[in-house]
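For reference, the structure discussed in these notes is given below.
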Amino acid sequence: MEQSGKIYLVATPIGNLGDMSPRAIETLRAADLIAAEDTRNTIKLLNHFEIKTHMTSYHEYNRTEKAYELVRRAEQGETIAVVSDAGMPAISDPGEVLVRMALDAGIEVTIVPGPCAAVSALAISGQTTGRFVFEAFLPQEKKERRARIEGLRDETRTIVLYEAPHRLAKTLAELAEVLGGERELSLVRELTKRHEEVQRGNFSYFLERYAEEAGRAEIRGEYVLVISGKSEEELRAEEISVFSDFTPAEHVAWYESQGYDRKEAMKKAAKDRGISRRELYHMLL
């Protein structure tokens, strides 16, 4: 029985070629085939490191049919190395389709780790890093985009997303409308490159700044937005404000309508109001 090959996900530099690891170079040289998001970009990398391995294009528009071909070749014993234009393949990248398909076919998938713009930006952002959610690029379809942004309104984890320079001002305005002008964020651009920059402030600050710069040459490079999550204190204050117009009886009745028994409804209503259950009981008499 012929032995199956293997698929390597090979991280490549997000800007500085010095970040290319020796193992990544060795893997690309030893592979039977390199599947590249854009062969025009990847050939520059290969030429720099004198890598002669044959390439094939694997991108958003052929991700399914080409994945079948790559899996078939791996089943026949070939070693396939997958690279993105920059950073980690399969992260906000069509490589995720190939990974699922290969694993379903019993093909071994392994990783040659390295740069990732989302994690790198998060690390230097100054925002909380213990818990975060990665949104990649927001959808372009208006309804889906709005729904995605609305879904971030009460997110307590740090939010990381990508944006292109020509859409930055518009995206900042849309996010500010939902998340609020005072929400803190860090704008990170040109990671590992000569003009690497981290800007910190709130949405109001950046809206003013980029409104002035809109259409000028200053807005360059791919951006990573690292946005602070909503604090637990803010969430709690908003929850309490919902009940501010309720009488004590209406407050308890609302919890009962949600399926809580009388005792639990009184307990939750008292907590919302910052009083004891005994005090609430006397208010209901």
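Would you list the P(r) distribution for segment 19-149, with all Cα-Cα distances sorted into 10 Å bins from 0 and each bin expressed as a whole %?
Result returned by the calculation: 11, 37, 33, 16, 3.
Please compute the per residue accessible area over the chain with all protein chains in place, 1.4 Å probe, rounded to a whole number of Å².
Accessible area per residue, the chain: 55 Å².
Round to the nearest 10 and give me the degree value, 0 to 90, for the angle of helix 63-75's Cα axis relative to the longest principal axis of the chain.
Helix 63-75 sits at roughly 50 degrees to that axis.
Roughly how big is segment 58-214's charge dipole about its Cα centre, with Cβ charges of +1 (Lys, Arg) and -1 (Asp, Glu), in debye to the nearest 20?
In debye, rounded to 20, segment 58-214 gives about 120.
Highest GNM mean-square fluctuation, the chain, Cα pairs closer than 10 Å: which of Val160, Val226, Val112?
Val112
Return the single residue from Ser92, Ser21, Ser257 with maximal mean-square fluctuation; model: Gaussian network over the chain, springs between Cα atoms under 10 Å.
Of Ser92, Ser21, Ser257, the Gaussian network model singles out Ser257 as fluctuating most.
Kindly express, to the nearest 10 degrees and within the range 0 to 90, the angle between helix 262-273's C-alpha long axis and the longest C-alpha principal axis of the chain.
Compared with the principal axis, the helix lies near 80 degrees.
Identify all lysines with a Cα-Cα distance to Lys6 below 18 Å; exclude those on the same chain that are fewer than 8 residues away in sequence.
Candidates past the 8-residue exclusion: Lys66.
Straight-line reach from Lys142: which aspartates and glutamates have a Cα under 17 Å away, not including same-chain ones fewer than 8 places off?
The reachable aspartates and glutamates, counting only those whose Cα sits under 17 Å from Lys142, are Glu150, Glu163, Glu174, Glu177.
Please list, ordered by chain and number, the residues whose modelled amide H lies under 5 Å from the amide H of Gly5; skip anything fewer than 5 residues away on the same chain.
Answer set, sorted by chain and number: Glu75, Gln76, Gly77, Glu78.
Return the Cα extents of the chain along principal axes one, two and three, sorted largest first, each rounded to a whole Å.
84, 56, 32
Measure off, as a whole percent, the carbon and sulfur share of the 1.4 Å-probe accessible area of the chain, all protein chains present.
Numbers: 7640 of 15700 Å².
Of all accessible area on the chain, carbon and sulfur atoms account for 49 percent.
Straight distance only, please: which lysines reach the Cα of Lys193 with their own Cα at less than 23 Å, same-chain residues fewer than 8 apart left out?
Lys44
Work out how far the C-alpha atoms of segment 126-210 reach from end to end along every principal axis, then list the three figures in whole Å, largest first.
Dimensions of segment 126-210 along the principal axes of its Cα atoms: 38, 31, 22 Å.
When Lys and Arg each count +1 and Asp and Glu each count -1, what net charge do the other residues less than 10 Å away from Thr156, Cβ to Cβ, add up to?
After counting each charged neighbour, the total is -1.
Over the chain, what relative contact order in percent results from Cα pairs under 8 Å that are six or more residues apart?
17
Using DSSP to define loop residues, name the trypsin sites (Lys or Arg not before Pro) in segment 108-189 whose beta-carbon has at most 14 other beta-carbon atoms within 10 Å.
Passing sites in segment 108-189 are Arg131, Arg153.
Just name one of Phe203, Ile107, Phe246: the one whose Cα is farthest towards the positive end of the charge dipole of the chain (beta-carbon charges, Lys/Arg +1, Asp/Glu -1).
Phe246
Tally Lys/Arg at +1 and Asp/Glu at -1 over every other residue whose Cβ is under 11 Å from the Cβ of Leu280; what's the total? Write out the running numbers ahead of the final one.
Values: positive: Lys267, Lys268, Lys271, Arg273, Arg277, Arg278; negative: Asp272, Glu279.
After counting each charged neighbour, the total is +4.
Using all C-alpha to C-alpha distances in segment 54-129, build P(r) with 10 Å bins and read off the rounded percent in each one.
All Cα pairs, binned at 10 Å, distribute as 17, 46, 24, 11, 2 percent.
Compute the helix-to-body angle for 95-104: its Cα long axis versus the longest principal axis of the chain, expressed 0 to 90° and rounded to tens.
Helix 95-104 and the main axis of the chain meet at about 80 degrees.
The values are calculated or read from the model by the stated rules, or taken from the named source; none is laboratory data. Predicted model, so just to flag it, every value in this text is computed and none were measured. Don't worry about glycine lacking a Cβ; one is built from the backbone with ideal geometry, like all the others, and counts go over all protein chains shown. Note: areas computed on protein heavy atoms with side chains; ligands, DNA, RNA excluded. Shrake-Rupley method; radii C 1.70, N 1.55, O 1.52, S 1.80 Å.
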